[in-house]
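Remarks on the structure that follows.
The values are calculated or read from the model by the stated rules, or taken from the named source; none is laboratory data. Nothing here was measured: the structure is a model prediction, and the numbers come from that model. Using ideal geometry, Cβ is built from the backbone for each residue, glycine included, and neighbour counts are taken over all protein chains shown. Note: areas computed on protein heavy atoms with side chains; ligands, DNA, RNA excluded. Shrake-Rupley method; radii C 1.70, N 1.55, O 1.52, S 1.80 Å.
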Amino acid sequence: MTISPELRERILQSVSEGFDDQVAFTQQLVQIPSLRGREHAIQDLLFRALRERGMTVDRFAMDRAAIEAHPGGSKFSDDHSDAPIVVGIHRPTTETGRSLILQSHLDVVPEGLAEMWRDPPFSGKVEGDWMYGRGAADMKAGAAANLFALDALRRIGLQPAATVYVQSVVEEESTGNGALQTWLEGYTADAVLIPEPEDEKLVRANTGVIWFQVKLRGVPVHVREMGEGANAIDAAYRVIAALREIEADWNAAKGAHAHFEDEVHPINLNIGKIEGGDWASSVPSWCTIDCRVSIYPGQGAEEMAREITDRIAAFAKADSFLSNNPPEVAFNGFYAEGYVLEPGTEAEGVLARAHEAAIGVPLQSFMTAGYLDTRVYAIYNKIPALCYGPISRNIHGIDECVSLPSVKRITQAMALFIAEWCGVEQVEG
């Protein structure tokens with residue numbers, strides 16, 4: 001449906017009227033430390049919030065066998081969350097519009113050293129135009145926006161004239177298996193919108209991500225005879241250097257990949273964690289490094305994982321120690337392909353109109369070199385997959401924060417998008 005100027009203004013004003021409550025709810029979300037495996041409480045809170053809004057609410061667990069059998073499934077590990085996925089279902093009185101998925105994730109990455117934060121990492125403190133806290137931007141502000149965009153319509157007596165699924169998933173920061181499980185469960189729609197912190201832009205292309213560990217063994221001796229042993233941590237340094245060569249080669253190939261050719265460094269390898277040794281005066285017998293690397297859209301995780309394994313094995317054969325003590329490579333999380341959102345879909349056109357009405361400038365798109373759950377819908381569900389959200393600072397870093405004026409603008413754009421994409425009808429009763 002076309003949004004009249006009068007209805008557009010009513011929707012924009014309604015978001016403004018509910019924004020204090022939206023900020024308070026976002027703070028409530030931020031103040032729950034929903035780290036990996038500890039998302040049960042926050043998912044329960046979302047369950048209640050959806051049910052209070054009159055939605056039918058579904059709650060279900062991951063199906064490991066189904067995920068592992070799917071080409072988009074990432075690797076399970078002992079750390080994989082068992083928290084449930086929650087889906088709120090709005091059904092209209094009369095289905096006349098186009099259906100929609102509004103999705104968010106409520107798992108957050110570890111906060112790092114608490115003493116480095118200006119305030120406690122899960123404070124949800126508002127200072128000026130910013131809300132601080134781990135997950136404030138990535139992506140609890142977006143989770144709240146999903147609810148409050150719908151609330152804004154209801155406040156003026158309207159609701160979507162189509163089915164809307166409000167999905168709250170976990171494992172977005174580790175595997176992406178939560179979003180995949182909603183698809184395997186059967187949830188689908190005519191489009192999906194995920195309000196990740198994307199600086200008021202639409203993601204046009206997105207890298208895939210692979211997580212892996214390299215496990216090395218050394219020969220432990222007392223340090224007084226260290227020349228007779230072999231230091232597993234020193235060996236890890238050599239393997240890391242070999243991995244940097246893979247990273248350099250993959251970046252050198254950027255010209256063959258649309259949307260990435262003008263990026264300075266689109267493929268990023270991160271050595272995110274290192275553990276090894278048992279005693280300062282003993283040559284370490286073991287070392288494990290946890291790594292993350294991105295891959296281009298169109299490259300399968302299986303293919304690129306094989307290249308990683310093969311190149312580490314080739315390096316080890318040329319190393320005097322590792323040739324007889326080869327490293328073990330294990331894939332323990334993300335195993336996900338990237339995607340490209342082809343321009344020209346009607347959903348993107350509707351979002352562009354909503355964005356310009358709320359924010360006053362044309363919608364821009366860009367490439368982002370991190371994982372996004374939107375890949376599930378773009379690659380496997382094959383529906384318009386829109387990732388678009390507020391301005392933020394320091395996601396995954398210290399003093400993560402989200403711009404509240406931007407959250408308000410994005411929520412206004414989302415409410416306008418829902419109204420035009422789904423159509424609206426009067427709320428009964």
(request) For segment 156-218, give the percent of accessible area contributed by carbon and sulfur heavy atoms, probe 1.4 Å, rounded to a whole number. (result) 40
(message) With 18 Å as the cut-off, how large is the P(r) tail for segment 20-69, expressed as percent of Cα-Cα pairs?
(response) 47
(message) With +1 assigned to the C-beta of every Lys and Arg and -1 to the C-beta of every Asp and Glu, and no other charges, what is the dipole magnitude of segment 304-429 about the Cα centre in debye, to the nearest 20?
(response) 260
(message) Let me check the size of segment 318-384 from its C-alpha atoms; what are the radius of gyration and Dmax in Å?
(response) 20.7, 65
(request) Provide the solvent-accessible area of Leu35, counting protein heavy atoms only and rolling a 1.4 Å probe, rounded to the nearest 10 Å². (result) 30
(message) As a test, work out the antiparallel percent of DSSP beta bridges whose residues both lie in the chain, rounded to the nearest 5.
(response) 75
(request) Please list, or write none, the lysines whose alpha carbon is within less than 24 Å of the alpha carbon of Lys408, excluding same-chain residues fewer than 8 places away. (result) Lys125, Lys140, Lys201
(message) How big is the dipole moment of the chain about its Cα centre under a simple scheme where the beta carbon of each Lys and Arg is +1, that of each Asp and Glu is -1, and everything else is neutral? Debye, nearest 20, please.
(response) 240
(request) Report the extension gain between Trp286 and Ala258 in nm, rounded to one decimal, defined as 0.36 nm multiplied by the number of residues separating them, less their alpha carbon distance. (result) 5.9 nm
(request) Collect residues whose amide H, placed 1.01 Å from N in the peptide plane, falls under 5 Å from the amide H of His105; neighbours closer than 5 in sequence don't count. (result) Met139, Val169
(message) What is the distance in Å between the Cα centroid of segment 317-348 and that of segment 404-429?
(response) 38
(message) Of Gln159, Asn146, Pro110, which is farthest towards the positive pole of segment 65-181's charge dipole, taken about the Cα centre with +1 and -1 on the beta-carbons of Lys, Arg and Asp, Glu respectively?
(response) Gln159
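Extension gain Glu6-Ala41, at 0.36 nm per residue separation less the Cα-Cα distance, in nm?
Details: separation 35, 0.36 × 35 = 12.60 nm, distance 4.06 nm.
Residue separation times 0.36 nm, minus the Cα-Cα distance, leaves 8.5 nm.
Just the C-alpha atoms of segment 102-154: what Rg/Rh do they give, with Rh taken as the Kirkwood radius? Don't skip to the end; give the middle numbers.
Numbers: Rg = 13.0 Å, Rh = 12.3 Å.
Checking Rg against Rh, the ratio lands at 1.06.
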(request) Largest first and in whole Å, give the semi-axes of segment 375-429's equivalent ellipsoid, each being the square root of 5 times a Cα gyration tensor eigenvalue. (result) 27, 20, 9
(request) Keeping all protein chains in position, work out how much accessible area Thr2 exposes to a 1.4 Å probe, and write it in Å² to the nearest 10. (result) 120
(message) How much length would be gained if the chain were fully extended between Asp129 and Arg64, taking 0.36 nm per residue of separation minus their Cα-Cα distance, in nm to one decimal?
(response) 19.2 nm
(request) Name the long-range amide H neighbours of Leu202: under 5 Å, sequence gap of 5 or more, or other chain; modelled H, no Pro or chain starts. (result) Gln364, Ser365, Phe366
(request) State, to one decimal in nm, how far the label point of Tyr237 lies from the label point of Ser320, with both points 7 Å from Cα in the Cβ direction. (result) 1.5
(message) Which residues does the label zone of Thr94 cover in segment 1-40, counting backbone N under 15 Å from a point 7 Å along Cα→Cβ?
(response) 1
(request) Please name which of Gly54, Asn324, Thr411 has its Cα lying farthest along the dipole of the chain towards the positive end, using unit charges on Cβ (Lys, Arg +1; Asp, Glu -1) and the Cα centre as origin. (result) Gly54
(request) Scan the chain and hand back the longest stretch that contains none of the trypsin sites (Lys or Arg not before Pro) lying in DSSP loops with at most 12 other Cβ atoms within 10 Å. (result) 119-381
(request) Could you pull the Cα extents of segment 116-181 along its three principal axes, largest to smallest, in whole Å? (result) 48, 34, 12
(message) How charged is the neighbourhood of Arg10? Take every other residue with its Cβ under 11 Å from the Cβ of Arg10, and add Lys/Arg as +1 and Asp/Glu as -1.
(response) -1
